[in-house]
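Some notes on the structure that comes next.
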Amino acid sequence: MVKIAVMGHGVVGSGVAELLQKNAAHIAAKAGEEIVLERVLDLREFPDLPYADKFTKRFADISDDPTIQIVVETMGGLTPAYDYVKACLLAGKSVVTSNKELVAQKGDELLAIAKEKGLNFLFEASVGGGIPVLRPLDQCLAANEVSEVTGILNGTTNFMLTRMIEDGMPFEEALLLAQKRGYAERDPSADIDGLDACRKICILASLAFGRHVYPAQVRTEGIREITLTDVRLAAAVGGVIKLIGKAVKNGEHVSCAVAPMIVRKEHLLSDVRDVFNAILVRGDAIGDVVFYGRGAGKLPTASAVLADVIDEVKHLKARKYLCWSAGAPDYAIDFGLLPARMLLRVRADADKKADLAAAFGNIEFVTCDALPQDELAFVTSAMTEKELDAALKAVSGAEPVRRLRLAEL
Ligand code: HSE
């Protein structure tokens, strides 16, 4: 019998407790031992739950209990999750977390402590919710040199963009609907400003390339500015707008970004709709692999957490998987240095077309009903952001309104 504790009885933590009770026999058979929920840390009280007697408000009831061998952290955020997880590892307990902010900021340090202590620190649920992606990336694709990872990593924004694309719903209305359905947070900025996707691409890049990429090293842009005009222009160039997280190996360096990008309609990722997530990994032997499924939600995420718990139960005396080294300020280089085709909207008179063509070279003008009269829109050939800025500067009377990268897939 192995005793575990859960820290944080929110959506995911309560899902872990629920699934552990519901599938107890099956989980015990998989783990080879019974897994017992010994403690739940939360400041709130849940007197009606069948495991109400397990609740505590004192972290020490977990950290100082030598019979608890595995701790699940589902509190979210850095404080106090970071201190608590570190203390658990230092106290000799293996840890499972679903907390992407914690792993994206502190993964290298916590993995190093786990390694030194001969413990496991696993976090499959931190990326893609219930989609198995970190373990396959680390294990099944281990023989590949991975050159890039591209993903639709945030369910809330993908739901909103799907409504904008398919129903012509304005951004604000799509956000309200996402909130009503319980997808978006009350303060949805982590979703719509790209921070959540940023944390997830950090974890994927760190694992795929072996060195920590920190959130501050990822150029991050959300979907707040995206309008139905952009959506229609994207359709006019044969694509859909998706919030894309991308990490590209660049020699000894890595370039990472989160931004709304245009995905061409014939690509698999363009069909990832609603709250679904997908992660494409490109390896030199396997080619492209896509992991697809529910990226958020109580039970999908709990299923990934409990799979990690089962793995830790089976490996209480051995370390396995998931390791990367610390990052460095010069490891990540600007994503804007990677050339790409761009869709540009500029405020300019129609007679500026020739000047724009002269400055940008080979461009294709596009339009849609919604494009304001005083704007021009066009797609460039592949160029870096620096080249694009220089070309824009060379044309007087063309004021930039929006730039959207065409995802290279
Ligand atoms: N807010 C996140 C999303 C939850 O919408 O994808 C899962 O990380």
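The values are calculated or read from the model by the stated rules, or taken from the named source; none is laboratory data. None of these values were measured; they are calculated from a predicted model. Neighbour counts run over all protein chains shown; Cβ positions are idealised from the backbone, glycine included. What goes into the accessible areas is simple: the full protein's heavy atoms, side chains included, and nothing from ligands, DNA or RNA. Shrake-Rupley method; radii C 1.70, N 1.55, O 1.52, S 1.80 Å.
What net charge do the residues around Ile363 carry, taking every other residue with its C-beta under 14 Å from that of Ile363, with Lys and Arg at +1 and Asp and Glu at -1? Around Ile363, the charge tally is +2. Label-to-label distance, Glu34 versus Lys265, with points set 7 angstrom from Cα along the beta-carbon direction: 5.8 nm. Relative to the longest principal axis of the Cα atoms of the chain, the long axis of helix 100-117 makes an angle of roughly 40 degrees.
Given their separation in residues at 0.36 nm each and the Cα-Cα distance between them, Ile286 and Ala390 gain 33.6 nm when the chain is fully extended.
Fully extending the segment from Ser325 to Asp349, taken as 0.36 nm per residue of separation minus the present Cα-Cα distance, adds 3.4 nm. Shown here is the pair-distance distribution of the chain: with all Cα-Cα distances grouped in 20 Å bins from zero up to the longest one, the shares run 27, 51, 19, 3 percent. Across the range 364-369, computed HN-Hα scalar couplings (Karplus, 6.51 cos²θ - 1.76 cosθ + 1.60, θ = phi - 60°) run 10, 6, 10, 8, 7, 3 Hz from first to last residue, x flagging Gly and Pro.
Just the protein heavy atoms count here, and of the accessible area of the range 36-139 at 1.4 Å, carbon and sulfur take up 49 percent. Comparing Gly13, Gly151, Gly32 in a Gaussian network model of the chain where C-alpha atoms under 10 Å apart are linked, the largest mean-square fluctuation is found at Gly32.
Grab the alpha carbons of the range 179-230, take their convex hull, and tell me the volume per residue in Å³. If you can, show how the numbers build up before the last one.
Numbers: hull volume 5.7 nm³, N = 52.
Hull volume normalised by residue count: 109 Å³.
Working from label points 7 Å from Cα in the Cα-to-Cβ sense, the Glu252 to Gln21 distance is 5.5 nm.
What is the range 159-256 by shape, rounded, prolate or oblate, if you read a ≥ b ≥ c off the alpha carbon gyration tensor as root eigenvalues and call it rounded for a/c under 1.5, prolate for a/b larger than b/c, and oblate otherwise? Can you show the working numbers first?
On the way: a/c = 3.02, a/b = 1.64, b/c = 1.85.
Here the range 159-256 falls in the oblate category.
Close amide H contacts of Asp274 (hydrogens built in the peptide plane, cut-off under 5 Å, sequence separation of 5 or more or a different chain): Thr162. Within the range 316-409, all pairs of alpha-carbon atoms sorted by distance into 10 Å bins from zero give the percentages 14, 40, 20, 10, 9, 5, 3, 0. Charge tally around Arg199: other residues with Cβ under 9 Å, Lys/Arg +1 each, Asp/Glu -1 each, net 0.
Secondary structure note: in the chain, about 65% of the DSSP beta bridges are antiparallel. Once the gyration tensor of the Cα atoms in the range 57-97 is diagonalised, the equivalent ellipsoid follows with semi-axes of 16, 11, 9 Å, ordered largest first.
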